[in-house]
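A.B. asks: The structure is given below, and queries will be raised subsequently.
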Amino acid sequence: MSAGDQKHPYHLVDPSPWPLITSMCVLFFAVGAIFFMHYESSILFYLGLIAVCFSCFFWWRDVVKESEKGGFHNKVVQIGLRYGMLLFIASEVMFFAAWFWAFFDVALYPGVD
């Protein structure tokens, strides 16, 4: 379906194999890291790292291709993406503010309840 066939201004993504492939590569990378730390065998670690990098590259390539050549990222979708990124950054700021608040509260006033 092309961008001209849309009946609404929102973009619903097509199913992609990349989340599953990337999660398997990350599992491979984690198992390689465990083997590297316990048995000093680094081949699985580096193969997993390379697999994660390649899967992320191809996933991001598809996202860029979808946004530039597919024509699906109209103004409504772009605003939604911007709001999503803004809310993500705001949630990270609030998380770290709460974490540091709790840390300094315990560190500076250890006996106060």
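The values are calculated or read from the model by the stated rules, or taken from the named source; none is laboratory data. Small disclaimer: the values here were computed from a predicted structure and weren't measured. Counting neighbours? That spans all protein chains shown, and the Cβs are built from the backbone with ideal geometry, glycine included. Remember, those area values only see protein heavy atoms, side chains included, never the ligands or the DNA or RNA. Shrake-Rupley method; radii C 1.70, N 1.55, O 1.52, S 1.80 Å.
A.B. asks: Between rounded, prolate and oblate, where does the stretch 1-63 land on the alpha carbon gyration tensor, with a ≥ b ≥ c its root eigenvalues, rounded for a/c under 1.5, else prolate if a/b exceeds b/c?
C.D. replies: Verdict is prolate for the stretch 1-63.
A.B. asks: Please go through the stretch 7-68 and write out the GluC sites (Glu not before Pro) that DSSP classes as loop and that have at most 15 other C-beta atoms within 10 Å.
C.D. replies: The qualifying sites are E40.
A.B. asks: From the phi of every residue in the stretch 54-64, what ³J(HN,Hα) in whole Hz does the Karplus formula 6.51 cos²θ - 1.76 cosθ + 1.60 yield, where θ is phi - 60° and glycine or proline is x?
C.D. replies: Working through the residues one at a time gives 5, 5, 5, 4, 5, 5, 5, 4, 5, 5, 5 Hz.
A.B. asks: Rounded, prolate or oblate: which one fits the stretch 51-113, using the alpha carbon gyration tensor with axes a ≥ b ≥ c (rounded when a/c is under 1.5, else prolate when a/b beats b/c, else oblate)?
C.D. replies: Oblate, since a/c reaches 1.5 and b/c is not below a/b.
A.B. asks: Okay, next question. Find how many whole Å separate the alpha carbon centroid of the stretch 63-106 from the alpha carbon centroid of the stretch 15-32.
C.D. replies: 23
A.B. asks: Would you work out what percent of the accessible area of the chain, with all protein chains in place, is carbon or sulfur (probe 1.4 Å)?
C.D. replies: Of all accessible area on the chain, carbon and sulfur atoms account for 74 percent.
A.B. asks: Follow-up. Over the Cα atoms of the chain, how large are the radius of gyration and the largest Cα-Cα distance (Dmax), in Å?
C.D. replies: 21.4, 65
A.B. asks: Just from its helices, what would the mean residue ellipticity at 222 nm be for the chain, if runs of 4 or more DSSP H residues each count -39500 (n - 2.57) and the sum is divided by every residue, rounded to the nearest 500 deg cm²/dmol?
C.D. replies: Calculated mean residue ellipticity at 222 nm is -26000 deg cm²/dmol.
A.B. asks: Right, here's the next one. Please identify, among F36, F28, F95, the residue showing maximal mean-square fluctuation in a Gaussian network model of the chain using a 10 angstrom Cα cutoff.
C.D. replies: F95
A.B. asks: Given a 1.4 angstrom probe, what's the average accessible area per residue across the chain, in square angstrom?
C.D. replies: It amounts to 83 Å² per residue over the chain.
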